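To start, the structure itself, in C-alpha cells.
Throughout, read-outs are computed from the coordinates displayed, never taken from laboratory work. Since this is a predicted model, take the numbers as computed values, not measurements. Reconstructed Cβ throughout: ideal geometry from the backbone, glycine too, with neighbour counts over all protein chains shown.
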Amino acid sequence: MELYTIIFYFFTVITLGSTCIVVFSRNIVRAAFALLFAFFGVAGIYIFLLADFIAVTQLLIYVGGIMVLILFSVMLTSHQINVDAKTGVIQTLPAILISACIGGGLVWVFWITDWKVNSQLPIVETTAPKIGEMLLTKYLLPFEVASVILLVALIGAAMIARREKKV
Amino acid sequence: MSQETLLTLALIVWLVPLVDFAVLIFFHKRLPRSGDWLGTSILFAALALSLVILFTKLNYFHDQTLQTIFTWVNFGNVPGIGEMQIDLGFMIDNVAAIMLVVVCIVSSLVHLFSIGYMKDDIRYGRYFAYLGLFSFSMFGIVLTNNLLLMYVSWELVGLSSYLLIGHWFEKKSASDAAKKAFIVTRIGDVGMFIGILILFNTFHTFTFDAIFEAMKAGHIPFGSETWLTASGLLIFCGAVGKSAQFPLHVWLPDAMEGPTPVSALIHAATMVAAGVYLVTRTFAMMTAEALMVIAYIGAITAFISATIAIAQNDIKKVLAYSTVSQLGYMIMGLGVGAYTAGFFHLTTHAMFKAGLFLGSGSVIYAMHNALHRANDHNTDAQDIRNMGGLRTKMPITFWTFLMYTLAISGIPLTSGFLSKDEILAGTLAFGSLHGGWHWVIPITGFFVAGLTAFYMFRLVILTFLGEHKDPHRIEAVHESPWVMTVPLVVLAVLSFFAFYSFNPIGAASGWFYQAVARPDSVVPIAVAAVNTEIFTETLHHSHGLAMLLSLSVAGIGILVAFTTYYWKKINADTVASAPVFKYLYKFFLNKWYFDEFYQATFVNGIDALAAAYRWFDNVVIDGIVNGVAKWTVGITHGVKHTWKEGIAGSIFYLIVFALLSLFMGWQVTVGLLAGSGSTVAMIECGLLGLCVAALSFFLFYVGVGGFDNKIIDGIVNLVVSLAGLLGLLARKLQTGKVQTYLAFALFGVMVFFLWFR
Amino acid sequence: MQDLINFLQHPGLTHFLILSGLLFSFGIFAILTRRNAIMVLMGVELVLNAANINFVAFSRYVTTSLDGHVVAIFVIILAAAEAAIALAIILNIYQNFNTVNVDEINKLKD
C-alpha cells in the first residue's frame, strides 16, 4: 500500500462516515457538525484531484460560510435552548429503497462504463491563475450573472428574513 | 434655401394637421375653447410655410421638380417580374406649390370662419379635429408623387368628407347625405383603383415620373393603345366621383347638409377640385380619345348642373350646382387641352367659390339668428324666397358676395374673367381644330357661361336686393362677427385679377401662366392629342372672339336676371307656367330626375337582387338545411315515435326505411357473394343480408336515438365510472408533501436509468 | 478477487465517481426522510458536493482542462446563494408557523 492510497482512503472514510452521521443522526446539532467534517473530507478529495483552488474555496465557503449559516438557523429555529434538538424522520422505508437503488445504479454505471481516461498526468501546478483568467475571458458572462445573483440573493435574503412588524 | 429644406417644410405642412387632428380628437374636451385656436393657428402657420414654399419655388427653382423618394417595400426578386420595389415620396412642382397655397388659404380662412359659424355647436371640438384630418389628407393628395399615396389620401379625404357632411347626424337627411356621398364617390374610386392596378401591373411602379418615363419609351399597358386609353379613363373615373362629374354628380348637392364652412372648404374649393388636380397630374398619359371623353363629360356636367341651378331656391343648392357646373368647366378645359386654363380656373374658382359659400354661410347665420329670435321654426333659413333686402343690414357680406358673383360670371377685372376666358378660348380652339360636331363643346361652354351669370345674379338679387318679405324679421338681421367677415374680405380681395396677372384681359403674361406649363404628352404620337404648339397657335386666334362672346353672353345673362327679378318686367312664375317651360321648369327643379332614375334603376335593382338572394337563401338553402335536420331527427327518434304525430307521415317513413333496409341488406348480400356462384354461398350470404336488413330496420324503427341512449351512452358511462374509480385510487398517492413527489420523481429517474442503459 | 484488490490499491477516476455516487445517494436519502427543513437543506448541500466531485474528477482525468473547476466554482457560488435564501425562507416560515417541519407547512397563507 502506498501512502497515496492510504491517504485517499482516509479522506474517503472521513467523508462517508461524517455523511452517515449527517443522514442518520437524530440530533440536528450533531448532524450539522458532522456535515462540517464531511465538507472537510470533500476538500481533501479535491486536493487529491489536483484542484487546490476549489479545495480552498470549499473550505472557505462551505466550512466558513454555509456551515455558520446552518448552525445559526438551527439555533434560531429550535424550541429548546439546549443543543440536542431532535428531529423526526418520515417515509423511511421507501426512501431507503429509492436512495439505495439510485446509489446502486450510479455505482453500477460508474463501474461498468469504460471511461476514456487520459493516462498522462497533467502538470502539477497551481490552478488559481488559470481559473482567474478563464473567469474573466471565456466565462465572463456567467461570472457577471453570478455576481448579480449573489447581490440579489443578499438583498432577497435580508428582505425575507426580516421580522415583520405585526400591525 | 435648399431643396431639402423646401421638402422638409412641405413635409411639415403635410404632417402638422395630422398632429392637430390627433390632439383634438382625443383631448378637445380638456382644451380651453375645445381647441379651436389650435387648429386655426396651425393652419395659418401652414399657410405661412406654404407661401414660403411657393415663393421659393417660383423664384429659385422655377423649372425644377423637387422630389424625395424612399423605398417603402422591397420585394426583392419577384418570380416572373424581376426586381420589384415600391417607392413612395413627395414632389413639389409649380402645380403642387400653387395647389398647396390654395388649400392652405381656404382651409385657414374656413377655420377662422368656423369659430363664428359653429359657435355653441354640440360637437365643436370634433368638428375642428375633422377639419384637421381633412387638411392633412388634402395635403397628401397635393404633395404626393405616386398613385398609391394619392389613392390613400384620396380615400382619406373621402372619409373626412363623410364625417363632416354627417356632422349633424341626428338629422336623417344629413346622415343619408353622408352615406350617399361616401358610396357614390366610392363607385368612381373603384374605377380609379382598377386604373392604378393596370398601370402597376404594366410598370411595376406607382410614381408618376417612372410611369411617364416608361410610356415615353414606348412601353404601354398590354402593348395596346386601347388599354392605354382605358387606363386613363379609369383613373379619370376617380375624378368623376370626387369632382362630382356626370353621371356621379348627384352626391354633391346633397352634401350641402353639412355645415356651410365645410361646404366651402371641401365641397367647393379643395376636395372636389382634387379630381381636377388628379387629371392635371395624369394629363401627360391621356390619349386623344380619353381627352375627348373627358371634355364631353365636363361639358355635359357643366350644362346639366347649370340648368338645374336656375330652378333651385335653396341658397346652398344653387351654389352647389354652380360648383358642379364650374368643375365641369375645369374638366372640359383640361379635356380640350387647355391644361393651364383648367388648372387656373381651379385656383380662381377655389377663391371665389369658397367665398360664395362662406358668404352664404354668413347670410344663413344671420337669418337663422333672426328667425331664432322671432321664435319662428317653420321658415327655412336657407330659402332665397324668404330673403331679400339684406344689402343694408349686411353690407360687408353683400359687397364681398357681389365681388364673387362678378368673378364667377366672368366680368372683366376679376380673376374669374381671366380663367373662364382662357377655357372658352380653349374650347373654341378645340372646335376649330376638330370641326363638325365638336363645335358642340364651345357652344355649350358659352351657353353655360350665360346661364351662370343669370342664376348667380338671380341669387344676388333675390337675397340682397329688393324688399324683405317680413319687415320685423329684417330688423333682427345683423352683420356677422369679425371672424366671419374677415375671411370674406380676404377672399374677395383674392378674386381680383391682379393677383394672377397684371394684364386684366389676358392671363398669358402673368406669373401663373409662366409657372404652369402644359406637360408634353407621353403617349404614342398616333394617339396623342394635338400638340401644344398647334393648340396654342389656334388658341391665339380664337382669343379675341372668345372674350367678346363670353362678355356678351354674361351681359345677356345679367340683363335677363335684372329684368326678371329686379325690375320685374318679366314675371318668372308666368314664364315657368307657360306651356313649354312648365315641363322644362319641373324637369330642372327636380334635377333632371337623376335621383329618381338612380333610385329606380340601381338602388331598386340592387334591392331586387337582394330580394332574390334572400328568397334563394330562405327557401332553397334553409329548405335543404331544415330538411336534413328533419330527417336526422326522424332517424334518431325512429318511426316508433312518429306514430303520435300522424299515421300518414309515419307510414311514409316506414316505407322509406323499409326500402332503405332492404337496399342495405341487398348490398351486403351482393358484396359478400362477390361473384361466387355456389348455392350454399348464396344461401349463406342471403341469410346474412336478411339479418342486416332486419337489424337496420329494427334500428330505424326504434330509432338510432334509442341505440345511442342505451348502448353508446352505456359504453361512455362505463368509461366514466372506470376513470372515476382509477381517480379514487390515484388520489391516495397525492399526499401533498414535497418529499413524496420528489420520491416519485426519483423513481422516474431510475426508470430512465433502466431504459437507456 | 485479485482484480478487486488491485482495483482498491490504485485509486483512479472510478473511485472518485463511486465516492460521489454514494455521497449523492446519502444526500437524496436525507432529503427524502428528514422532516426538518434545515436537514433537507443539508441533504441538498451533500448532493451539490457530489456533483462537484464529479466535475473536478472528470476535469482531472478526462479533459485535463480547467473548465470543470470553473463550473465547480459556479456551483459553489450558487450553493452559497441558495443556502442564504433557503435559510432566510426557513426563518420566515418559522416566524409564521412556529415550526420548520416540511410536512406541517401546507398552507400558502394563514
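The table below gives the values:
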{"quantity": "Rg/Rg_ref, segment C:2-97, where Rg_ref = 2.2 N^0.38 Å and atoms are Cα", "calculated": "1.35"}
{"quantity": "Segment B:127-243: equivalent-ellipsoid semi-axes (sqrt of 5 x gyration tensor eigenvalues, Cα, Å)", "calculated": "33, 16, 7"}
{"quantity": "Difference of contour (0.36 nm per residue) and Cα-Cα distance, B:Gln667 to B:Phe499", "calculated": "50.9 nm"}
{"quantity": "Scattering profile of the protein assembly as shown at q = 0.05, 0.07 Å⁻¹ [log10 I(q)/I(0), Debye over alpha-carbon scatterers]", "calculated": "-0.66, -0.78"}
{"quantity": "Acute angle (nearest 10 degrees) that the helix C:13-33 long axis makes with the longest principal axis of chain C, alpha-carbon atoms", "calculated": "20 degrees"}
{"quantity": "Among B:Ile423, A:Ala157, B:Leu47 the positive-end extreme of the charge dipole of the protein assembly as shown (Cβ point charges)", "calculated": "A:Ala157"}
{"quantity": "Ordering of B:437-443, A:50-56 by burial proxy (mean other Cβ atoms within 10 Å per residue, highest first)", "calculated": "A:50-56, B:437-443"}
{"quantity": "Relative contact order (%) - chain B, alpha-carbon pairs under 8 angstrom, separation at least six", "calculated": "10 percent"}
{"quantity": "Distance between segment C:8-30 and segment A:1-51 - C-alpha centres, whole angstrom", "calculated": "11 Å"}
{"quantity": "When each of B:Lys393/B:Lys469; B:Lys353/B:Lys469; B:Lys179/B:Lys591; B:Lys242/B:Lys591; B:Lys568/B:Lys591; B:Lys317/B:Lys353 is checked by Cα-Cα distance, pairs over 22 Å", "calculated": "B:Lys353/B:Lys469; B:Lys568/B:Lys591"}
{"quantity": "Average partner coverage of A:49-58, which counts Cβ from other chains inside 10 Å", "calculated": "6"}
{"quantity": "Positive dipole terminus of segment B:160-235, leading residue within B:Thr205, B:Ser160, B:Ser231 (C-beta point charges)", "calculated": "B:Ser160"}
{"quantity": "Burial ordering of B:Leu551, B:Leu233, A:Leu141, fewest other beta-carbon atoms within 10 Å first", "calculated": "A:Leu141, B:Leu551, B:Leu233"}
{"quantity": "For the protein assembly as shown, with +1 on Lys and Arg beta carbons and -1 on Asp and Glu, the positive-most of B:Ile712, B:Ala449, B:Ala290 along the dipole", "calculated": "B:Ile712"}
{"quantity": "Ratio of Rg to Rh over segment B:375-451 (Cα coordinates, Kirkwood Rh, two decimals)", "calculated": "1.22"}
{"quantity": "10 Å Cβ shell holding at most 16 others, DSSP loop, trypsin sites (Lys or Arg not before Pro): longest site-free stretch of chain A", "calculated": "A:27-115"}
{"quantity": "Peptide-level mean, for A:110-118, of C-beta atoms on other protein chains within 10 Å", "calculated": "5"}
{"quantity": "Per residue, the convex hull volume that the Cα atoms of chain B enclose (Å³)", "calculated": "373 Å³"}
{"quantity": "B:Trp72 long-range amide H proximity, modeled H, under 5 Å", "calculated": "B:Ile86, B:Asp87, B:Leu88"}
{"quantity": "DSSP H segments from chain B that extend 20 Å or more along their own axis, Cα-based, with Kyte-Doolittle mean of 1.6 or above", "calculated": "B:3-27, B:94-117, B:147-165, B:288-311, B:440-464, B:647-673, B:679-702, B:738-755"}
{"quantity": "Ranked packing of C:63-76, A:100-113, B:395-408, most packed first, by mean Cβ within 10 Å", "calculated": "B:395-408, C:63-76, A:100-113"}
{"quantity": "Shielding by partners, peptide C:91-100 (average Cβ within 10 angstrom, other chains)", "calculated": "4"}
